[in-house]
Amino acid sequence: MRHYDLDVRYSPATDELTGRTTILAAATQHLSRFDLDLTGLTVDAVRVNDRPATWTRDGGELVITPARGLRKGLPFTVDVRYHGIPVRYSFPSEDPEEAPYEYGFVRTDDGVIVAGEPESAALWYPVNDHPRDKATYSTHLTVPDGLTAIGNGVPLGSSTYDGWTTWRWAALTPIASYVSTMAVGRFRVDQHLHDGRPTVIAVDAAVAPEVADPVVGRTDEITDYLETLFGPYPFESNGAIVERHDALWFALETQTRPIYPVSYFTQGSRKFQAGVVAHELSHQWFGDSVSLTNWYELWLNEGFATYGEWLWGEHDGWRTVRDQFNTFYELPMDSPFWEPAYNPAGERYGSISAYMRGGMTLHALRMNVGDATFFHILRTWAADHRYGNGTTDQFIALASRLAGRDLRPFLQAWLVGAEKPPNPDPRPAPAFAAPATGCPATVHVRTAPCDR
């Protein structure tokens, strides 16, 4: 896909969504039909190249047959009109007395917020829902007057007519569909320019300013620091969305506008909380600009964001990278944090080890090659795969080339080896006591949340 134009109307009072999605695409082969992902919603009409098309539904697939076949290499447009009540996703808490946790199209008391990995986009628009197929976006979100609608990218203003307000957004750089978002509700919005680009921070209006604003208000500061490590910030805008909905327990790196549950700003120290923001902002380079190619290689997103979080924490005077590394290194090999960081057989989506063993792998690499080469590797990875995708094999090849030696055995031992590699950066006594759970600051894989 090349571009999505989303025109969506949503009424929180009825939970009814009405949409029109226009897609600009190019055929990679001759096509007599093609599929899009769409979950639950009713399709009213489909046109391909401005001609009526037929369609069928097969589970979460919308199978479209155009009036005329599509030729390889030529552009085409798809126009889909649809409506309905979006599907709800949830999973149970480990505590039977707690309500289920929600993800995807999450209803709140005054609207909705879309957040889910690896699935969420197909709940509100037809899409080729895989990070390998990125596209730019223009989004028109129409909601009852008095509510605000937040999207990805640059704000283009709003207009009100007959009791409804349309909010317009444009994402000028390609987005992997799972990090597209829509947030509707009553928000306190701070919009300003930083380094010539807009920063838009939307905080649930029911959240007192002193709870989250001091931390998400550091978004520009944290981004500036991460630029010194990873290279230029890759997108045209920046910001945050803070939502107080109790059943939303995870943060997510929605592109240009990371989502945070307010609970992350009601626990731990301010420096711990800033680490959450640093994690999601690190994802703007690693996960959003450079996206994974296969979901089982989630460590390329989470290991890198975890290490960015550790680097910021040391810079911010919280905990040193060495202590963060050793907290997890000292855990026994039967800990879930030492499970393989990715599964080359591709048998699962991801686990907590993608975060922590992934982060440890990067620190071990840094100790092996030295700071100059290590940060050259990270900046080159971010630049070479900017707005694209990468694989573990490609990262290992790059690291080996820039280090001037074969690092595959070393990195494979750290990523998937069955035995704990030697500690390359032991800390001096007294040792920092590992937490009971060893929870990272932010987790958004589908596991039960950590207790802190």
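If you go through the stretch 319-328 one residue at a time, do you hit one that is touching a Pro at 6+ places or on another chain (Cβ under 6 Å), over 19 Å from Y225 (Cα atoms) and in a helix (DSSP H, G or I)? No; the residues of the stretch 319-328 include none that is touching a Pro at 6+ places or on another chain (Cβ under 6 Å), over 19 Å from Y225 (Cα atoms) and in a helix (DSSP H, G or I).
Annotation: of all residues in the stretch 312-354 being touching a Leu at 6+ places or on another chain (Cβ under 8 Å) and open to solvent by less than 10 Å² (accessible area, probe 1.4 Å), the one that is farthest from D288 (Cα to Cα) is W338. Whether a residue is within 29 Å of D220 (Cα to Cα) and in contact with a Lys or Arg (Cβ under 9 Å, 6 or more places away or on another chain) was assessed, and T199 does not pass this test. The requirement of being part of a strand (DSSP E or B), more than 26 Å from the chain's Cα centre (by Cα), in contact (Cβ under 8 Å) with a residue 60 or more places away in the chain and under 29 Å from G163 (Cα atoms) is satisfied by R81.
Among the residues of the stretch 41-57, just one is acidic (D, E) and assigned to a strand (DSSP E or B), namely D44.
Restricting attention to the stretch 1-41, the residues being touching a Pro at 6+ places or on another chain (Cβ under 6 Å) and among the β-branched types (V, I, T) number 1. Inside the stretch 389-401, can you point out the residues that are touching a Ser or Thr at 6+ places or on another chain (Cβ under 7 Å) and surrounded by fewer than 17 Cβ atoms within 10 Å (Cβ to Cβ)? Matches in the stretch 389-401: T391 only.
Residues considered: A382, A364, A413, A403. Of these, the only one that is in contact with a strand residue (DSSP E or B) (Cβ under 9 Å, 6 or more places away or on another chain) and hydrophobic (A, V, I, L, M, F, W, C) is A382.
Selection of the stretch 7-30 for residues being open to solvent by less than 40 Å² (accessible area, probe 1.4 Å) and part of a strand (DSSP E or B) yields V8, Y10, S11, L17, G19, T21, I23, A25, A26.
From the list A183, A171, A176, A135, the one residue that fits, being small (G, A, S) and closer than 25 Å to T14 by Cβ, is A183. Scanning the stretch 153-163 for any residue that is surrounded by fewer than 20 Cβ atoms within 10 Å (Cβ to Cβ), aliphatic (A, V, I, L, M) and more than 17 Å from the chain's Cα centre (by Cα) turns up at least one such residue. Every test in (1) open to solvent by 30 Å² or more (accessible area, probe 1.4 Å); (2) closer than 26 Å to A176 by Cβ; (3) assigned to a strand (DSSP E or B) is passed by R132 save one, and that test is (3).
Any residue in the stretch 283-309 that is under 18 Å from T219 (Cα atoms) sitting within a Cβ distance under 8 Å of a residue that is open to solvent by 10 Å² or more (accessible area, probe 1.4 Å) and among the charged types (D, E, K, R)? List the pairs, counting only those 6 or more apart or interchain. That search, which allows pairs on different chains as well, returns S289/R386.
Say whether the condition of being within 30 Å of E97 (Cβ to Cβ) and either open to solvent by 10 Å² or more (accessible area, probe 1.4 Å) or within 16 Å of the chain's Cα centre (by Cα) (or both) is met by at least one residue in the stretch 278-297. The answer is yes; a qualifying residue exists. When the stretch 252-263 is filtered for residues that are in contact (Cβ under 8 Å) with a residue 40 or more places away in the chain and crowded, with 24+ Cβ neighbours inside 10 Å, the ones remaining, listed by number, are L252, E253, T254, Q255, T256, R257, I259, Y260.
A single entry from E98, E117, E102 fulfils the requirement of being open to solvent by 20 Å² or more (accessible area, probe 1.4 Å), assigned to a loop (DSSP other than H, G, I, E, B) and of a type outside the set (K, R): E98.
Restricted to strands (runs of 3 or more DSSP E) entirely inside the stretch 177-237, those with at least 3 residues that are open to solvent by 20 Å² or more (accessible area, probe 1.4 Å) and touching a Pro at 6+ places or on another chain (Cβ under 8 Å) are 187-194. Cβ-Cβ distances below 7 Å connect no pair with a first residue in the stretch 93-114 that is without any contact (Cβ under 8 Å) to a residue 12 or more places away in the chain, a second residue that is part of a strand (DSSP E or B) and open to solvent by less than 30 Å² (accessible area, probe 1.4 Å), and a separation of six or more residues or different chains.
The values are calculated or read from the model by the stated rules, or taken from the named source; none is laboratory data. These numbers were taken from a predicted model, which means no experiment stands behind them. Neighbour counts are summed over all protein chains in view; Cβ atoms, including those assigned to glycine, are modelled from backbone coordinates with ideal geometry. Surface areas here come from the heavy atoms of the whole protein model, side chains and all, with no ligands, DNA or RNA. Shrake-Rupley method; radii C 1.70, N 1.55, O 1.52, S 1.80 Å.
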